[in-house]
Amino acid sequence: MSTLSIKTKIILATTLVFGIVFSGFSVVIYQRVKSAYVERLDARLEGQAEKIREEVEEQYLEKRFPNESDLRSLKTEGLPDPLIRLTDSVGSVIFGDSLLQSWPMKSWKEVEGHEFTFEERAIAQHRYRCLWAPVEANDRDQYAVQIAVSLREVEAGLALLQLLLIIGVPVALLIAAVAVYAIVTVAFQPLSAMVAATERISPLNLGERLGPPKTHDEVFKLAATFNTMMERIESAFKGQKQFVADASHEIRTPLTIIQSELEYAQKHFSELSSQESVEAALEEVDRLKKISDDLLLLAKLESPSMNLSIQSVRIDEVLTDCVKRMKPVADKRTVSLRLEICEALEIKGDEDKLRSGVLNLIDNAIKYSKEGGGVTVALSRSGKKVVVSVCDGGEGIGEADRLNIFERFHRSESSRLTHGSGLGLAIVRRIVELHKGEISVESQPGKGSTFAISLPSGE
Ligand code: ADP
C-alpha cells in the first residue's frame, strides 16, 4: 500500500506527464529546426548551382570557358564561402578547391539524371554539406559541379537550441510542478481543514460540526454529508446514553424496593408481615426479570444481524391463540375480550415474533382498560395489506404522549401507577418494522385507544 499522500501523488503524476510532453515537444522542435536549417541551406546551394550553370553556358557562347575567377565570383545571398569543384564527363578536374581533394570525385556520368544530389562529409574536422549537379554546355561538353559549404553555423545554431532546451525543459517542469503544488494545496486546503476538524471530534464533543467550505463543490458536499452523518451518530449516541440512564432508573426502583422489603423481613423475621415483604420482593424480582427479558429481546431485534425465521403464518390463528392466552388476564381485571376475524388470512412472517407483538398490544389494552371494560382484537384486509387492530375503551393517550409512546422507556404520567417498563411498544414497533409493516395509534383521552398494525399480505 502506498504511503504517499494524494497531494504528492497528483504532483508526481502531473510532473511526470509534463516531463514526457515537454521532452517529446523538445525532440520535435529540435528535428523541425534542424530540417528547416538544412532545407534553407540546400535551397541556397541549388541557387548557386543554377548560377554556375548559367555562367558556364554564357562562357561557352562567348568562348571563354573555363573562366575560373568569374565562376568563383558568383555569389548567392546567405551562402558563406562555398567550395567549388568542376569535373568533366570522365571525372577530370577542370578546377577545384584544394580542401575538396579528399572528397571522392564524381563525373558528369555519375550525377546526370538527377537535378541535384546532396552529401555530407567531414573535412579537416568540420562537417560540410555538398551539392552535386550536372552542367551541360552542349551535347558534347558536359560537366559536374560540386558546391560544398561548412555546417559550422548550422551546428552552432542547433547547439544553442539544444542548450536552451536542456535548460528550458527542467525549468518549465519546475515551474509546472510549483504551479500544480500551489493549485493542489489551495484545492486541498478545505480537505485538510476537515481532517483537522474531524480529528478534534470525540465522544465528548460530538456536537462539533465541520464549517462548510466557501466553494459549492465536491468538498462542500463532503462536508455537508459528513455533518449529516455526525448528526445521526450524535443522535444515536444520545439515544444510547438516554437508554442506559432509563434502564438504570427502571432497574434501580425495583432493586430499592427489594432491598427495603428484605431488610424489613430480616428485622421482623418471625413475624407474619415478613412473609408479605418477601412476597413483595419476589414480585419486584419478577418485574426486574421482565425488564431484563424485554431489554434482551429489544437488543436482539435491533441488532443488524437479526434474522427473522420467515414462513407462511395463518395470522387469524395467531390472533385466536393470543386471545386465548390473554383471557385469564382479562378475566382477572373483569375486562371482556372479543375477537373479530373477517376470514382466514395468511401472511409471510416470523410467527413467534408476531405473536409476541400482538400479546404486548392486548396486554396493554387490558392493563389500561377500566375494570369491566372491553377489548376487541380484530383482523381485516385492506387492499394488499392485512390489518390487526386492538381496541380498548380505557384511559386513552394524550396528544403529547402519542408521539413518544413507541420510544423506549416512555410511559405516560397517568400510567406510572400501573406496572410496566415502557419497553413493550418499542418491541412491537421493531417487530412490525422487521416485517415491513406499519403501526399506528388512534386515541381519545378518557374514551380509549386503537392500535393498528398493517402488514403486507402473503399473496
Ligand atoms: P408499559 O405498558 O410497560 O408502560 P409500553 O411500551 O407497552 O410500556 O407502553 C408505553 C406507554 O404507552 C405506557 O406506559 C402507556 O402510557 C401508553 N399506552 C400503551 N398502550 C396503551 C393503551 N392501550 N391505552 C393507554 N395508554 C397506553
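The values are calculated or read from the model by the stated rules, or taken from the named source; none is laboratory data. Only a predicted model underlies this, so the values are computations on that prediction, with no experimental measurement involved. Cβ coordinates were reconstructed from backbone atoms using ideal geometry, including for glycine residues, and neighbour counts include every protein chain displayed. The area values use the complete protein model at the heavy-atom level, side chains included, leaving out ligands, DNA and RNA. Shrake-Rupley method; radii C 1.70, N 1.55, O 1.52, S 1.80 Å.
Quick look at the values:
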read-out	value
Scan of segment 79-126 for residues that are open to solvent by 30 Å² or more (accessible area, probe 1.4 Å), part of a strand (DSSP E or B), under 21 Å from Asp139 (Cα atoms) and in contact (Cβ under 8 Å) with a residue 40 or more places away in the chain, ordered by number	Asp88, Ile94
Some residue of segment 435-451 being open to solvent by 60 Å² or more (accessible area, probe 1.4 Å), in the same structural domain as Val329 (by TED's automatic domain parsing), farther than 27 Å from Ala236 by Cβ and assigned to a loop (DSSP other than H, G, I, E, B)	yes
Number of the exception - Arg430 against (1) within 8 Å of the ligand (Cβ to nearest atom); (2) part of a helix (DSSP H, G or I); (3) within 48 Å of the chain's Cα centre (by Cα)	(1)
Segment 330-372: number of residues that are assigned to a helix (DSSP H, G or I), touching a strand residue (DSSP E or B) at 6+ places or on another chain (Cβ under 9 Å), farther than 30 Å from Asn307 by Cβ and more than 11 Å from the ligand (Cβ to nearest atom)	2
Segment 380-392 residues that are not assigned by TED's automatic domain parsing to the domain that holds Phe451, paired with ones that are of a type in the set (Asp, Glu) and assigned to a loop (DSSP other than H, G, I, E, B) (beta carbon under 9 Å, 6 or more apart)	none
From Leu16, Leu12, Leu41, residue being free of Cβ contacts under 8 Å to residues at least 12 places away in the same chain, closer than 30 Å to Ile166 by Cβ and either in contact with a Leu (Cβ under 9 Å, 6 or more places away or on another chain) or not in a helix (DSSP H, G or I) (or both)	Leu12
Residue in segment 217-232 that is within 30 Å of Phe22 (Cα to Cα), among the small types (Gly, Ala, Ser) and touching a residue at least 24 places away in the same chain (Cβ under 8 Å) present	no
Some residue of segment 228-236 being open to solvent by 90 Å² or more (accessible area, probe 1.4 Å) and either of a type in the set (A, V, I, L, M, F, W, C) or under 30 Å from Val387 (Cα atoms) (or both)	no
Test result for Arg402, among the basic types (Lys, Arg), open to solvent by 40 Å² or more (accessible area, probe 1.4 Å), without any contact (Cβ under 8 Å) to a residue 40 or more places away in the chain and near the ligand (Cβ under 10 Å from one of its atoms)	no
Scope segment 278-320; condition open to solvent by less than 60 Å² (accessible area, probe 1.4 Å), modelled with pLDDT of 90 or more and part of a helix (DSSP H, G or I); matching residues	Ile315, Asp316, Val318, Leu319
